[in-house]
Structure formats: C-alpha cells, structure tokens
1. What is the Cα centroid distance between segment A:242-290 and segment B:220-298, reported in whole angstrom?
2. Using only the Cα atoms of chain B, build the gyration tensor, take square roots of its eigenvalues as a ≥ b ≥ c, and label the shape rounded, prolate or oblate: rounded if a/c is under 1.5, else prolate if a/b is larger than b/c, else oblate.
3. With just the Cα atoms defining each centre, how far is segment A:141-208 from segment C:5-67? Give it in Å.
4. Under 5 Å between amide H atoms, partner at least 5 residues away or on a different chain: which partners does A:V195 have, H built in plane at 1.01 Å?
5. Cβ under 15 Å from A:G96's Cβ, A:G96 left aside: what net charge do those residues give with Lys, Arg +1 and Asp, Glu -1?
6. Could you tell me which residue in chain B puts its beta carbon nearest the axis mapping B onto A, with the distance rounded to whole Å?
7. Averaging sequence separations of C-alpha pairs under 8 Å and six or more residues apart, then dividing by the length of segment A:72-212, give the relative contact order as a whole percent.
8. What number, rounded to the nearest 500 deg cm²/dmol, is the helix-based mean residue ellipticity at 222 nm of chain B, given -39500 (n - 2.57) per DSSP H run of at least four residues and division by all its residues?
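The values are calculated or read from the model by the stated rules, or taken from the named source; none is laboratory data. Fair warning: this is a prediction, and the values are worked out from it, not measured in the lab. A quick note on method: Cβ atoms are made from the backbone with ideal geometry, for glycine too, and the neighbour counts reach across all protein chains shown. Accessible surface is based on the protein model in full, side chains and every heavy atom, while ligands, DNA and RNA are left aside. Shrake-Rupley method; radii C 1.70, N 1.55, O 1.52, S 1.80 Å.
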Amino acid sequence: MENPEIRLAAGPAQQGEHCFIGLDVHFGENVTLGHNCVIEDGVSLGANTHIESNTVIRAGVQIGANSLVGSGCILGEYGTDFCQEGTRHVQPLTIGDSALIRSGSILYAGSEIGFSFQTGHQVTIREKTSIGDHVSVGTLSDLQGNCVLGNYVRLHSNVHIGQLSRIDDFVWIYPYVVLTNDPTPPSEQFAGVHVHPFAIIATGAIVMPGLDLGQDCLIGAGAIVTRSVDPYAVVVGNPAKTVSDVRKMRHKITGEKVYPWREHFDRYMPWENTGFHTWYTGLTQEEKEKHGIEALTE
Amino acid sequence: MENPEIRLAAGPAQQGEHCFIGLDVHFGENVTLGHNCVIEDGVSLGANTHIESNTVIRAGVQIGANSLVGSGCILGEYGTDFCQEGTRHVQPLTIGDSALIRSGSILYAGSEIGFSFQTGHQVTIREKTSIGDHVSVGTLSDLQGNCVLGNYVRLHSNVHIGQLSRIDDFVWIYPYVVLTNDPTPPSEQFAGVHVHPFAIIATGAIVMPGLDLGQDCLIGAGAIVTRSVDPYAVVVGNPAKTVSDVRKMRHKITGEKVYPWREHFDRYMPWENTGFHTWYTGLTQEEKEKHGIEALTE
Amino acid sequence: MENPEIRLAAGPAQQGEHCFIGLDVHFGENVTLGHNCVIEDGVSLGANTHIESNTVIRAGVQIGANSLVGSGCILGEYGTDFCQEGTRHVQPLTIGDSALIRSGSILYAGSEIGFSFQTGHQVTIREKTSIGDHVSVGTLSDLQGNCVLGNYVRLHSNVHIGQLSRIDDFVWIYPYVVLTNDPTPPSEQFAGVHVHPFAIIATGAIVMPGLDLGQDCLIGAGAIVTRSVDPYAVVVGNPAKTVSDVRKMRHKITGEKVYPWREHFDRYMPWENTGFHTWYTGLTQEEKEKHGIEALTE
C-alpha cells in the first residue's frame, strides 16, 4: 500500500537544473520547479504547483495547491530588520490554493493571503498584510504592509496602499491611486484610509489620511480627496467635491443605469452568471456579515 | 563553398554557462548569449544579436539582427490563459532589427514590433500590441495590450496605456500619464483614447476614455482631460480647459516660438539634421499618408 | 604573521554555486556571495558585504564595507552609448559603507553615492547622479541621472527625479512626485528643479521645470506647482497656490504644532534622540554650511 507521506517527502516531480532545496521542504504531488530555483528550509508547496526559473522561496513559506509562481519572484522576503541585524525572525508567509503570482513579484514574510490570489508582474507586498480570497493586485503595485484587504478586491496596475489602510470586499482601485496615511509628513502618527464595500477609486486619485470612503462611492480620476465620502457619492476635482450620486449616472452611449455596478457587472465576482440579487438573496446572514454587506437595502 | 544554412544552425557564436537551448532555434551569425539564458523551441535570433544573462526567450519569438536584450527579460511571455489552463496557444512575438530592450522587461507573445525599438528597464507590454518603427518605451511603462502605436512614438518612464488606445506617429508622452478606457468602471465596454500625430501629453495627465487628442495639441502636466482636444490646443487643469494655441507659445527665456515642435526639435526624428520642412517636402504622398500627416498645411 | 593583502586577494569567504568572478577583484574580509552572481573585472567589495543571488556587479564598481545587495540587482550598468556602440567607457560607480540595496535595483556606472545608502526594490538610478550620506530611495523610484541629492534625503516609493534636479539635505519626497525639467517638451533646453533643505513634497505633486522650492515649504498632495515656492509656504491645488505657512499648522487631533518638522520628528536624522536644537547648536559653522542650513534663525 502506498504511503503518501513518503512520496511527499521525495522532492518535486520535476525540476530544472541548479535548483537549491533546503531541509524539511514539503512537496505536494506533481510539484514542478524551473531552473535555478532556491527553496529554503521548511517551505511547503501544495500539489500541482509550479515554480518558474530563478525564483526564491524563503524559509517557512507555505503555498497552496494548483498555484503558479512566475520567474524571478521572491516569496517570504525578510524585512529590513533581518537585513540589517543579521538575525532571523521569520514570520510565516502563507498563500492559499490556486494562486497566480506573476514574474518579478516580491512578497515579504509575515503576511497571510487567501485563495485564488493573483498578481501582475513586479508587485511588492510588505509584511503584515492580510489579504482575503479572490484578490487581484496589478503589475507594479506596492502594498506597504500592515494593512487589510478583504475578499474580491481588485487593484489595477501601480496602486500604492499605505500602511494601516483597510479595504473592504468588492472594492476596485485603478492605476496610480494612492491611499496615504501621514497627516503631517514626516511623522509617525499614521492614520489609514478605510474603503467600504463596492467603492470604486478611479485612476490617479489620492486619498488623504484617515478618511472613510463610503459604500458604493465613486472617486473620479485624479481627485484629491480631503474629506470622507458618503455612500453612493460621486466626487471629483482638487480638492474633491461631491457632484452626483452613482445611482443617477447613466452610460453616455447606451443611456442605461450603470451603478451600483454590482447590478451590471459580474466578471470575477461570486455572482458571475447568476446576477447579484440572486446571489445576495441566497446568502446567510453570517455570509453577508463576513462580506460586510449585511445592510444592503437594494 | 560555404553553406550558410549549416552555419546558422550551429548555435550561438558564444554563450555563457548554463544556457538551455530548445529545438529548431535559428541563430544568425555572431549571436551571443550570457549565462543562464533559456531559449525555447523555434526562436529566431538575427545576426549580431546579444542576449544577456538570465533572460528567457519563449517559444517561437523572432528578434531581428543587431539587437541587444538586457538581463532578466522575458520575451514572448504566455498570457493568463496559458498560465491557468496549461494549454499553449503561442502567437508569435516578432521584433525588428536593431532593438535595444533593457533589463527586466516583459513582452508578451502575440505582439508585433518594428525596427529600432527601444525600452527602458522593467517595461511590461501585453499581448496584441502593434508597434511601428523607431518607438521608445520608458522604464516601468505598462502597455496593457490590444493597442496600436505608430512610428516614432516616444513614451517616457512609467506611462500607462490602456487597452484599445491608438497612438499615432510622432507622439510624445511623459511620465505617469494614463490613457484610460473604461467610462463606467468596472465595466467591459471599453473605449480607447486616440492620440493624433505630434500631440504631446505632459507629466501626470490622465485622459478619459474614448477621447480624441488632436494633432499637435499639448496636454499640460497633471491635466484631467474629460473632453476631446482640438488640434493645436493647449489644455490644463482639472477638468482640463483650453487655455491657448501651441502656435502662440514662446519660450520663457529665449522668447522664441517653440511649437509646432517639429520645426524646433529633431532628435530621434527622421528629419534629424535636415529639418522638418525639407524632410516633409521630400516625402511621397504615400509616405505622408503612412505617417498620417498628409494634410499638413504648414 | 598574517598578511591581509594575501587574504583579501583570495576571493570571497563564501560563495554560492555558479558565480563568475572576473580579474583583479578585491574582496574585503568575510565577503559572501549567493548563487549565479557575476562580479566583473576590477570590482572592489568591502569587508562583511553580502551579495545575493543573480546579481551582476559590472566592471570597476566599488562598494563599501558592511553592505547588503539584494538579488537580481545590476550595479554599474553601462549607459546607452555602450550598449549601442559596443565600446566601453566605464566611469566608476562608488557606493559608501553600510549600503542596503534591495532586490531588482539597477544603478548605472558614473555615479557617486555616500554611506548608509538605502534603496527599496527595483529602483533605477542613471549615470551622473551624486548622492550624499544617509539617503533613502524607495521602491520603483526612477532617478534619471545628472542630478544631485544631498544628505539625509528621503524619497518614498515611485518618485521620478528628472535630470538637472538638485535636492538639498533633509528633504522628503512622497510617492508619485515628479520633478520635471523640460519647459517646452520636447526640447533639449532642460531646467532642473531646486528643492531647498527641509522641504516636503507630498504624494503625487508635479513640479514644473526650473522652479525653486524654498526651505521648509510643504507642497500638498497632487499639487501642480507652476511657480517657485517661498520658504515655509504651504501650497496646494492645480495650479498650486499658497494657502498657509507651515508654522501656523497644527495637528488635527492633538492640536500641537507640527512644523518645522525638524522640531517634532527625528527618525533617521542626525538629531535622533537629542533633538534638533541640541544637535544644531553643536554644529560648527562649516558643518552648517555643508548641510546648507547655516542661516537657520529658529
């Protein structure tokens, strides 16, 4: 009879040349490695996961099954303290199943990431970042650590998330948006931005420290947001002012209502193919609370 | 008598250690490779081309002669579908002669690029991008694919080009500019920006979806462009408003006219050393049409 | 008796596999290398310096003692002329002691950098950049070369510094800030920005060419700065206008004065733990002049 433990301990199913594999590494079935990979001590890679060439997985990192890590990534990178002091206080980096981490991305130790996680290329995610399920972080985005992203959050390319930010479920953030955190730079009294469910922050908007962006609000491109934003409000300008309510907006060409977007768009979302209302109606109260959307009245 | 076919099939003239070379790879004369290069099946590299260390050239990529590819690049990267489904539908990536692709750049399969192409470091160019001749794309720029760049287009660092964008010949785009494409984010009804010949988009400007930026217009730094812009117009502000005509602008110090820029600047341009009018007068009608500048009256 | 010269010439104390080491390389004591490193001819690495895997140190680069260079860096990269013409005019790149250069950073030949230098990931620094001591350059920042940074300058992530910029001591610059240099793009008549000591440029501000930003001024987030800024002035908006004096500003929550920031913040600064006034009073006139702060009256 087969003993899976023995097989799991046997190494990757396939590996390129010049890979360096540490001690106590756990390989699920059918794990494959490219060339020149460095897999440090205590790493765990789930079944069917593939690591491309030149990628470094630091000590203790855990990656779920059916994942793909591109070339030139560093997962579980040590923070500055390690670099400067030469001591190793490794916190785990854990990444759920079905991750797709594109080439050149750097994820620090000390974060926890859910399943179906996706990144673009050359993303940086610092320590103490908590990320839910089905989250996508675009190319060159820079998460400064010590922040929380919910489920189904989608960051486009080149988004900058300051420390202490809190981003709820179903939020969309577009390129070059910055969530700041220092009201009187330079200081050490940080105040994070809180973005509520379904909010949309369009390209190049900058949000001042400590503000709340209400559920379903729409921050216009290039807006400099200096006050908290009400639910459903549309704000634009520098400084940003409320100019409309998303529920009044119509598509310029089709003339149709387009917000709340959840009623008109379902790609990547749990209500894909079923529609929002059907999905929402089928949720338990607990599930609604978990998503932070228990109070939706429409 | 020499048989060039046999010599071409013989491998690179020089290569570093630990290179992995696939089947049916075509090497022109004097091709050289650094260390740890991966050259997959069916790749074709023109004469005198050099590939630096740690670079991956995926299956079927064609690069012209006299080119230089920096270290850590990935050329012909497979799109998401490949990554997720494990199937390989490789479209060709073709790059013309005399390319200079700096280190860390990632060019997807499925694009066609002309000659004298240049990139900065860590550029990302997604699939279905069509790029003419003599184009330069700066460090960290991010082309989202499914877009068209003409000839002599110059993108500075960190430019973001959304899908469906169309950029005509002789356009200059400066750092942190974004050409957006989604009028009602999130949606799937994209509308690209069309930038006409000789237009200039200064640092940090954001252009809303579906707009036309007219020939020779000048978009000021940080402008949020919400309406199409007339030829020769100067627009600034948030939202951007027309404040002048480029032909009225003078250099603050010298007091000289500076626009249309083609009459005052020739670096990198086909009229270098001869001047614009001499060059333009010498063009055939066909050539003018190819550049989209057949109607220039001055 | 021990002869240190012989030991220094003997190679690194420890190295990974597949490293390529050129001629006349000088290793201080206890230098260590990761895997696949390329150390070209004439490089000098100070004692206790560690180079991580896949990093390339080009010919003639000098790095001080107690430094750490992350993986996938290129230090001493040749400029375009080399790439295109195939000739090698290597200017030195020198980096002082105690540098921390994070992974993926590219520093060109022809620059001089002081001690305690720090970078984030994937930073690009072009040739002819002069950088003082205790300077930090954040992830993805892009210094275009031919510019001068003083001491204790701190650039956050994704800052873009145009050629001819001059940044004095104790300046803070936040993400996505651009110092531009071309008053009539495209041209070749560049005019750099001069940022005076203690100035702060908040997130996403763009500064037009040739301007002076006065000592202790505060440029608000997203400001488009079209005129020079007075010392201590607070400017915001597009175009930026003076709205206050930093000395009048108070923290929204604590109600305390927060500027000049040097009196309220000391992290990373030479007056850490002692306070600014004690430190300043203890300086010689020469030292004050070196910092450009000889005229401080308060």
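1. 44
2. Working: a/c = 2.43, a/b = 1.64, b/c = 1.48.
Verdict is prolate for chain B.
3. 40
4. Long-range HN contacts for A:V195: A:R166, A:I167, A:D168, A:L213.
5. Summing Lys and Arg as +1 and Asp and Glu as -1 gives -3.
6. In chain B, the Cβ lying nearest the symmetry axis toward A is B:N238, 3.
7. After rounding, I find 14 percent.
8. Result for chain B, helices only: -2000 deg cm²/dmol.
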